[in-house]
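Engineer: This is the structure I want to talk about, given as C-alpha cells.
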Amino acid sequence: MKRFLAVTLGILTAIGGFVDIGDLVANSETGARFGMRLAWVVVVGVVGICLYAEMSGRVAAVSGRPVFDLVRERLGPRAALANLAGSYLVTLLTLSAEIGGVALAIQLATSVHYLLWVPIVAFVLWVVLWKVKFEPMERVFGLAGLSLVVFVVAFIALDPPWGQLGDQVTSPVPPATEDWGTYGFFAVALFAAAMTPYEVFFFSSGGVEEKWTRRDLAIERVNVFIGFPLGGILSLAIMGCAAVVYEPLGAQVDTLGQTALPVAMTLGKLGLVVVILGFFAATFGAALETGLSAGYTVAQYFGWQWGKLVRPRQAARFHTVVLISVLLGVALLLTTADPIAITEYSLVFSAVALPLTYLPILLVANDRDYLGDHVNSRLTNVLGVTYLVIILVAAIAAIPLMILTGTGS
C-alpha cells in the first residue's frame, strides 16, 4: 500500500496538468472538430513532460532543492526573474480558471450559477492550502481524480469505429471542415497543456515536501512514468468520446456539460455522478497545484521559507503569496470572464513561456556540482535538446496562430 500511495504525487500532477478545466473542454472540443487527428500531440506532450519532470524530480531528490530554487543560483537573478514573471502569470491565469472549473462542476451537480460558488470554492481552497498537510492533500485529490477513468469505460462502451479512428490517428491532417491554421492552433494548445510550467515546479517542490533523497529515485521515476502517461490516457479517452459522439454530427463543444454527455449517454446516471466527481477532483486538484506553485516560485526566487513541511507562521510570506494569488484569481472570475476562455489564453501564454522554463531545467540537470553522477545521460540530452526545439517552435507560433484563428474559433 505504501508503494502504491507513493505514486500519488505523479497522479495529482498529471491529472492537474492533463485534465484540468481547460483541457477537459479543449480535449472534447478537439475530438468533436478533428476526431483523433491530433492524438499525436498528446503523445508528444506526454513524452516531453515525462522527460523534463524526471529531470526536475531527479534534481530535487539528489540535491534536496527544487528546480526553481536552483534556476536563480545557476542562471542569476535576471534570467530567473524573467522565468518567474512568465511562469507566475501563466500559473495565476490557470489558478483562476481552475477555481472557476470547480464552480462549474458544482453548477453541473446543483444547477446553481457557478459565480455564486466561486467565493465559497476559493475559501475552501485556501483552508485546504493553509491547514491540510501535503501528503494527505495529494493522496485524496490525486486518487479521487482517477474517477475520470470513467471516460475510458465510456469510450469502450460507445463501441467506436476502431478502423476509422485508427485512420485518423495515422493521418494527422485537418478534416475538410477545418483549415491548417485552426489545426496548428489546437496542436500548440494541446502541447502547451501537456507541458505547462507549473507541473515541473509543483513536482520538484513536491519531491522536496516528501523529503526525497537519492534512495527515492526509483519512486520519483515511478511517479513520472505512471502518473503522466495515465493523464495522457485520460486526455485521449475524453478526445475519443467526443470524436465518436460529436464529430459525425458536426457539433461544437464548449461547455463542461457537453464534455460529460458521452459518459451519461453510455453509463447513465451513475456514470454522470462519477464524472462530476471526477471533474470536481481534477479541477480542485489542479487549483491546489497552481495555488501552491504560485507560492513556490515566488518564495524560492526570493529565498523565503516555503512549503507545508513548516508551520504557516514560519512560512508566512509563502502563504501570503498563495492567498493573494487566490484572491486575484477570484477577482478575475468575478469580472464574469469565462473560466474556459481564461484557460485557453493561459495555454497560449504558457506556450510562449515554455523555453524560459525548460532550458534552465536542462542546464541544471547537467550540472555535476548539484547532481554528481546523476546528471543526464547522452540519450536524455539528445531528447531534451530535441524537445527544446519543439518548444521553441510552439512558442514562436502560439500568438500568431491565436490572432490568425481568433483563439481557434
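The values are calculated or read from the model by the stated rules, or taken from the named source; none is laboratory data. Not measured: the values here are computed from a predicted model. Neighbour counts run over all protein chains shown; Cβ positions are idealised from the backbone, glycine included. Surface areas here come from the heavy atoms of the whole protein model, side chains and all, with no ligands, DNA or RNA. Shrake-Rupley method; radii C 1.70, N 1.55, O 1.52, S 1.80 Å.
Engineer: Along Cα→Cβ, 7 Å out, is where each label goes; now give me the distance between the ones at LYS269 and VAL173 in nm to one decimal.
Structural biologist: 4.8 nm
Engineer: Which residues among the stretch 282-322 fall inside the zone where the amide N is under 14 Å from a point 7 Å beyond the Cα of VAL132, along Cα→Cβ?
Structural biologist: Output list for this probe position: 282-292.
Engineer: How large is the dipole of the stretch 2-405 about the Cα centre if only Lys and Arg carry +1 and Asp and Glu carry -1, each at its Cβ, rounded to the nearest 20 debye?
Structural biologist: Details: 23 positive and 26 negative charges, 277 e Å.
For the stretch 2-405, the charge dipole is close to 1340 debye.
Engineer: Also, quick follow-up: Select from PRO360, PRO136, PRO161 the residue whose mean-square fluctuation is largest in a Gaussian network model of the chain (Cα-Cα springs shorter than 10 Å).
Structural biologist: PRO161
Engineer: Another question, then. Connecting C-alpha atoms closer than 10 Å in a GNM of the chain, tell me which of ILE396, ILE340, ILE106 has the biggest fluctuation.
Structural biologist: ILE396
Engineer: Go ahead and run the numbers for FRET between VAL222 and ASP369, Cβ-Cβ distance against an R0 of 30 Å, rounding to 0.05. Numbers along the way, then the final one.
Structural biologist: On the way: r = 27 Å, r/R0 = 0.90.
Once the sixth-power term is evaluated, E becomes 0.65.
Engineer: For the chain, calculate the relative contact order in percent as a whole number, restricting contacts to Cα pairs under 8 Å that are 6 or more residues apart.
Structural biologist: 39 percent
Engineer: Along Cα→Cβ, 7 Å out, is where each label goes; now give me the distance between the ones at TRP40 and ARG313 in nm to one decimal.
Structural biologist: It works out to 5.9 nm between the two label points.
Engineer: So, taking all protein chains as they sit and a 1.4 Å probe, how much accessible area belongs to ASP69, in Å² rounded to tens?
Structural biologist: Surface accessible to solvent at ASP69 totals approximately 40 Å².
Engineer: Let me ask you something else. Quick one: pull the percent of accessible area on the chain belonging to carbon and sulfur, 1.4 Å probe, ligands and nucleic acids left out.
Structural biologist: 68 percent
Engineer: Counting each pair of different Cα atoms once, what's the Kirkwood radius of the stretch 11-124 in Å, rounded to one decimal? Mind showing how you got there, number by number?
Structural biologist: On the way: mean 1/r = 0.0590 Å⁻¹.
Computed over Cα pairs of the stretch 11-124, the Kirkwood hydrodynamic radius comes out at 17.0 Å.
Engineer: Would you calculate the separation in nanometres between label points at GLN305 and ALA79, each defined as 7 Å from the Cα along the Cα-to-beta-carbon direction?
Structural biologist: Between GLN305 and ALA79, the simple spin-label model gives 3.1 nm.
Engineer: Using the alpha-carbon atoms, what tilt in degrees (0 to 90, nearest 10) does helix 8-18 show relative to the longest principal axis of the chain?
Structural biologist: Between helix and principal axis, roughly 50 degrees.
Engineer: Now for a different question. For every other residue with a beta carbon closer than 11 angstrom to the beta carbon of THR91, add +1 if it is Lys or Arg and -1 if Asp or Glu, then tell me the sum.
Structural biologist: Result for the neighbourhood of THR91: -3.
Engineer: Also, I was wondering about something else. At 0.36 nm per residue, minus the direct Cα-Cα distance, what do ASP159 and TRP180 gain on full extension? Give it in nm, one decimal, please.
Structural biologist: 4.6 nm
Engineer: Rounded to the nearest 500, what is the 222 nm mean residue ellipticity of the chain from helices alone, with -39500 (n - 2.57) per DSSP H run of 4+ residues and division by all residues?
Structural biologist: For the chain, the value works out to -26000 deg cm²/dmol.
Engineer: Can you list the HN-Hα couplings for the stretch 114-126, worked out from phi with the Karplus curve (6.51, -1.76, 1.60; θ = phi - 60°), rounded to whole Hz and with x for Gly and Pro?
Structural biologist: 4, 5, 6, 8, 4, x, 5, 4, 4, 5, 4, 4, 4
Engineer: For the chain, with a Gaussian network of springs between Cα atoms less than 10 Å apart, report the residue from VAL47, VAL153, VAL118 with the top mean-square fluctuation.
Structural biologist: Checking each option, the largest mean-square fluctuation is seen for VAL153.
Engineer: Under the Kirkwood approximation applied to all pairs of distinct alpha-carbon atoms, what is the hydrodynamic radius of the stretch 91-205 in Å?
Structural biologist: 18.0 Å
Engineer: What length, rounded to one decimal in nm, is gained on full extension from ASP338 through to LEU249, with 0.36 nm per residue of separation minus their alpha-carbon distance?
Structural biologist: Separation in residues times 0.36 nm, less the Cα-Cα distance, equals 29.5 nm.
Engineer: Could you tell me how far the Cα centroid of the stretch 148-183 sits from the Cα centroid of the stretch 365-409, in Å?
Structural biologist: The stretch 365-409 and the stretch 148-183 have Cα centres separated by 27 Å.
Engineer: For the stretch 46-199, what is the relative contact order in percent, using Cα pairs closer than 8 Å and at least 6 residues apart in sequence?
Structural biologist: With pairs under 8 Å counted, the relative contact order is 23 percent.
Engineer: What number comes out for accessible area per residue over the chain if the probe is 1.4 Å? Units Å², please.
Structural biologist: 39 Å²
Engineer: How big is the stretch 2-405 by the Kirkwood estimate over distinct Cα pairs, in Å?
Structural biologist: Radius from the Kirkwood sum: 20.9 Å.
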